[in-house]
Amino acid sequence: MSRSSTPIDFRANTQAVPPQIPASVQRATSRLLGTRAAVVALVGAERWEQLRQAGHDLRLHTITHLDHYLTLLEKRVTEAGGHVHWARDGEEANRIVLEIARAHGVRRAVKVKSMATEEIGLNHALIAAGIETLETDLGEFIVQLAGVAPSHIIAPAVHLTKEDIADLFHDKLGVEAPAEPVQLAAIARARLREAFLAADMGISGANFMVAETGTLVIVSNEGNGRMCTTLPPLHVAVVGIDKVVPDMESLDVLLKLLPRSATGQKMTCYTSFITGPSRSPKEGGPQELHLVLLDNGRTRVLRDVATRETLLCIRCGVCLNVCPVYNHAGGHAYGCTYSGPIGSILSPQLLGVNVAGGLPFASTLCGACAEYCPVKIPIPEILIHLRRRVAEGDQVEGSAIAPILTAGAQAGALVLSLPWLYELGSQVLRVLQAPLRRGGWLPALPPPANRWTLARPMPAFNASFRQWWRVRTPEGRDRIRRQRALAGVLVTGVAAAVVIWRVFRQRK
Ligand code: SF4
């Protein structure tokens, strides 16, 4: 991810979400979940669980033996005639791609949808260097025209309706564009065909890299992946180091899990296997293939055993589709490349908790993401671990919250651990809240507590729970009986004393 030091304010971003976004997002995600359910049902629940477990195990094995598999991959890609480059971060990856482009006099590039290149801001770097760069996946083409970032891992324009896209094509391409999906796709296709034929360089990511054979695997539904990687004379692939898989048998498992989870398909329309550049002019295809292996924080993620399973992700996007927070906020509210549950665990680890430390809290912890994840990433557990990292710091990063909040939390912990202090505090609060109370509610609290009341009223503090609870336990009832008996004795004693005193006075 291109590193920015500006903290992401998820709450503020959600307040800026246009009101029509949740409906567009929910329409699309429920459609994707419906098709997924149908193909998973065909596999059968038991077999699907076995596949998920196998996917989890082989991905975990791979990321814990990355040194072996990446070295083997480099060897095999080189043997097949490709060139392998290693990039520590996004800046280095962009520099490598630009150097390759300059060495080949590239003026026009076409791109396949790739989260890794989105993560490092490659388009901006190429365009800033004067290279015309065009996204060719339909959704990416649309968001590039709109000048915004993708809002979903596999459906970048999920937040837009067909009417929005028709208006966009009309404004940016100067064509009459009816709000009809088939006609809109035809307009994009006509524009893209010219670009494929004129491009000097094709850029892609890869869904997987097979170490055993040095093969890049790209799954797509639009055919643009094949156009980008075969028509231009030069192919550059930028791929995260976590995308390596040991062999074709492992790939077989993952290719069963990915399309079913992502788009509800048994397999995508195109599954391209690229092993080296073209072997002869008769064969067609690019004369040169460059593979840029991107770290950009992934080895840092590996360091923490509690969170490293984040790297098992195969970017299917189903955790976004089932997430209630994503469905209400949309992808742009997350303020970085990866959104939804995977974004909430990956972004803080890639960008640091000082930048993306708010995202692990953008979750209800309902656990649906983990139930659907095809490689069984324990997302809720990682979210909780990252919340702790944000609050307390750990061996990877220090705490990311203000000292005053830490002091407040420690004071709260002390009060909650001492029942008498808690009761005393609750009685004091009950008195202090009186001027702010309106019926059973506190509609406006002073800062910093107003962060709650800006969005919704706070229920008034009644401090009556313990009293309420006391009469509902046998011990409580006994205590009340004893207190009542004692009160009865006292009242009777006082009354008797008064009577005796009066009799005594009358006699005097
Ligand atoms: S975390 Fe799991 S469900 Fe989410 S995108 Fe990655 S593989 Fe898919």
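Brief remarks on what is shown
- The chain: angle of helix 45-63 to the longest principal axis, Cα-based, in degrees nearest 10: 80
- Hits among aspartates and glutamates - C-alpha to C-alpha of residue 256 under 18 Å, sequence gap 8 or more where chains match: 46, 49, 57, 247, 371
- Cys residues of the chain counted as unpaired, since no other Cys beta-carbon is under 4.7 Å: 228, 269, 313, 316, 323, 336, 366, 373
- Centre separation in Å (Cα based) which lies between segment 75-145 and segment 331-396: 27
- Acute angle (nearest 10 degrees) that the helix 340-351 long axis makes with the longest principal axis of the chain, alpha-carbon atoms: 80
- Test item: Cα-centred dipole of the chain, Lys/Arg +1 and Asp/Glu -1 on Cβ, debye: 3760
- Degrees separating the helix 379-392 axis from the principal Cα axis of the chain, which is the longest one: 70
- Taking other C-beta atoms within 10 Å as the exposure proxy, 486, 254, 51 rank 486, 51, 254 from fewest upward.
- Mean residue ellipticity at 222 nm, helices only, the chain: -16500 deg cm²/dmol; runs of at least 4 DSSP H residues each add -39,500 (n - 2.57), and the sum is divided by the number of residues.
- Legend: residue pairs 162/266; 266/376; 111/162; 243/376; 75/266, Cα-Cα distance threshold 21 Å; pairs beyond threshold, 162/266; 111/162; 75/266.
- Likely footprinting exposure, 201, 227, 248, fewest C-beta neighbours within 10 Å first: 248, 227, 201
- Stretching the chain fully between residue 496 and residue 127 yields a gain of 123.0 nm (0.36 nm per residue, less the alpha carbon separation).
Read the figures in this text as sums done on the coordinates, not as results from a lab. Being a predicted model, the structure only gives us computed values, none of them experimental. A quick note on method: Cβ atoms are made from the backbone with ideal geometry, for glycine too, and the neighbour counts reach across all protein chains shown.
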